[in-house]
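Heads up: the structure comes next, in structure tokens.
The values are calculated or read from the model by the stated rules, or taken from the named source; none is laboratory data. If you're wondering where the values come from, they're calculated on a predicted model, not measured in any experiment. Cβ atoms come from the backbone with ideal geometry, glycine included; neighbour counts cover every protein chain shown.
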């Protein structure tokens with residue numbers, strides 16, 4: 001036996017963390033596994049890399065096979081290689097993530113995915129393997145990116161209100177933002193186009209509708225950008241929820 005043999009006994013997988021925003025809630029796409037290990041458990045859409053494909057190609061293929069989602073940009077985030085992370089042997093996984101508009105995609109579970117559905121980030125329980133750790137790492141990546149790039153607009157409908165935009169950033173950053181300061185900051189960036197339209201069919205006073213300025217967006221991406229959004233309070237939302245549980 002060659003002394004190199006032990007170095008060729010590891011497998012590689014890819015795991016996709018797909019974020020979406022829906023009705024003021026940040027969500028992640030999960031599948032219910034249809035094979036062992038962790039049969040029936042919720043997990044990230046992931047599977048093994050074929051010997052004849054590269055990692056990026058595998059991530060795209062696996063996402064489409066398990067959820068039906070294709071034609072999305074996947075960004076590599078981090079590798080996870082704890083020795084015992086997979087019960088069947090040494091498996092190293094590479095995590096990818098993406099931001100999509102939930103309304104633009106139809107979920108179609110297949111292959112090992114018994115189900116595929118969106119879960120609120122705040123309600124995700126114990127996932128298979130080390131997928132909670134992977135999800136946390138990608139969520140932290142998202143928080144960092146949303147401060148340096150205007151990525152959040154990719155999760156909104158073509159026409160949106162400033163309140164919807166603020167709720168998006170509050171959901172990602174898990175914090176409350178001062179309404180007045182947020183609007184002043186956002187409008188000063190010249191990222192929005194005032195459509196001179198207002199909401200229709202709402203019970204409250206109709207709010208103004210805006211559109212994202214794609215050209216301005218691309219310019220900011222090339223330059224690097226920092227929103228410098230600040231909390232309006234010292235407590236995070238999760239702190240407030242713990243307070244309400246202890247009156």
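If the condition is being at pLDDT below 90 and assigned to a helix (DSSP H, G or I), then segment 144-162 contributes 144, 145, 146, 147, 148, 151, 152, 153, 154, 155. When residue 182 is tested against the conditions (1) assigned to a helix (DSSP H, G or I); (2) out of contact with any helix residue (DSSP H, G or I) (no Cβ under 9 Å at 6 or more places or on another chain); (3) surrounded by 15 or more Cβ atoms within 10 Å (Cβ to Cβ), the lone failure is (2).
Candidates 74, 156, 99: the one that is under 15 Å from the mean Cα position of the chain (by Cα) and not assigned by TED's automatic domain parsing to the domain that holds residue 21 is 156. If you go through segment 72-100 and pick out every residue that is part of a strand (DSSP E or B) and out of contact with any strand residue (DSSP E or B) (no Cβ under 7 Å at 6 or more places or on another chain), you end up with 0. Scan segment 82-135 for residues that are more than 24 Å from residue 68 (Cα to Cα) and surrounded by 13 or more Cβ atoms within 10 Å (Cβ to Cβ) and the total you get is 8. The criterion of at least 3 residues that are buried (at least 21 other Cβ atoms within 10 Å of the Cβ) is met by the following strands (runs of 3 or more DSSP E) wholly inside segment 1-68: 11-22, 25-33.
Among the residues of segment 196-247, the ones that are surrounded by 10 or more Cβ atoms within 10 Å (Cβ to Cβ) and either in a loop (DSSP other than H, G, I, E, B) or at pLDDT 60 or above (or both) come to 27 in all.
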